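Bear in mind that the values in this text are calculations on the coordinates, not laboratory data. Since we're looking at a predicted model, the values are computed, not measured. A quick note on method: Cβ atoms are made from the backbone with ideal geometry, for glycine too, and the neighbour counts reach across all protein chains shown.
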Amino acid sequence: MTRSSLRLVVLGDSIAYGTGALHADDTLGRRLRRALEADGFDVDLHVLAVPGAVSAGLTAQVRGAQPLDADLAVVVIGANDLARFVPPEEAAAALGAAVGVLRARGTDVVVVPAPDMSSVPFVPPAFRPLVQAACARLQARQAAVVEAAGGSVAGVAAEVAGDFAADPAMFSADRFHPSSAGYARIAAALAPVVLAAARQRRDEAAA
């Protein structure tokens, strides 16, 4: 089978960057690259994510990505908006604008909305329902703006939350960021959506 070239950019926060992973190959971007390469793509990976970034910080990241003319962007954002009490409407508007700019340049976009931070070990059990509700509100706003801007939403949080809540090994030593095992679980949930977007782009180019 003829291999297809794919320029992939990863934007967003510390999860997109890979904070907490023991080795660079354990990070989300590199795991996704391997999944795409196994599917017949030659991947040019650029990780432009910034640890600590909130959604408003995507403006600068998207600007930095523009010279790359990426085929596919994976955006992981929302945890810091929640931690810093950024209003959901404000965070979602910034995300929607970033996705719109990427789509206008011909880049396909897959967004991973905010994680379910109620599973973070140091959140007191009594507060977990409130945290979970706040996460769900932001996730819903994010999904709406991403779809309106022409992006795809990867509902990873719902798929991995149980594993993170049940297994402390999913978290790194700081008990906040994913460990290498945590990144493996996130990548396993995310890869099918990323592969679907890449395959669709490949099929449309071949048509």
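Quick look at the values:
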read-out: Extension gain from Q66 to A184, taking 0.36 nm per residue of separation minus the Cα-Cα distance; value: 39.6 nm
read-out: Protection-proxy order for peptides 89-95, 127-133, 74-80, each taking the mean of Cβ atoms within 10 Å per residue, highest first; value: 74-80, 89-95, 127-133
read-out: Shape of segment 26-118, Cα gyration tensor, a/c cut at 1.5; value: oblate
read-out: Nitroxide proxy distance, nm - points 7 Å out along Cα→Cβ at D44 and D203; value: 2.6
read-out: Percent breakdown of C-alpha pair distances by 5 Å bin, ordered from the shortest bin, for segment 137-184; value: 5, 19, 22, 16, 14, 15, 7, 1
read-out: Protection-proxy order for peptides 17-30, 37-50, each taking the mean of Cβ atoms within 10 Å per residue, highest first; value: 17-30, 37-50
read-out: Estimated FRET transfer efficiency (E159, A24; beta-carbon r; R0 22 Å; 0.05); value: 0.35
read-out: Rg and Dmax [Cα atoms of segment 97-207; Å; Rg one decimal, Dmax integer]; value: 16.0, 55
read-out: Inter-label distance, nm, simple model (7 Å from Cα along the C-beta direction), T2/A140; value: 4.7
read-out: Gyration tensor verdict on segment 158-207 (Cα atoms; rounded if a/c is under 1.5, prolate if a/b is larger than b/c, oblate otherwise); value: prolate
read-out: P(r) tail fraction, the chain - alpha-carbon pairs more than 31 Å apart, %; value: 14
read-out: Centre separation in Å (Cα based) which lies between segment 21-56 and segment 185-204; value: 13
read-out: Nitroxide proxy distance, nm - points 7 Å out along Cα→Cβ at A126 and R175; value: 1.8
read-out: Highest to lowest packing among 182-192, 106-116, 57-67, scored as the average C-beta count within 10 Å; value: 106-116, 182-192, 57-67
read-out: In sequence order, calculated HN-Hα J values of segment 169-177 (Karplus, 6.51, -1.76, 1.60; Hz; x Gly/Pro); value: 5, 5, 9, 7, 4, 7, 6, 10, 7
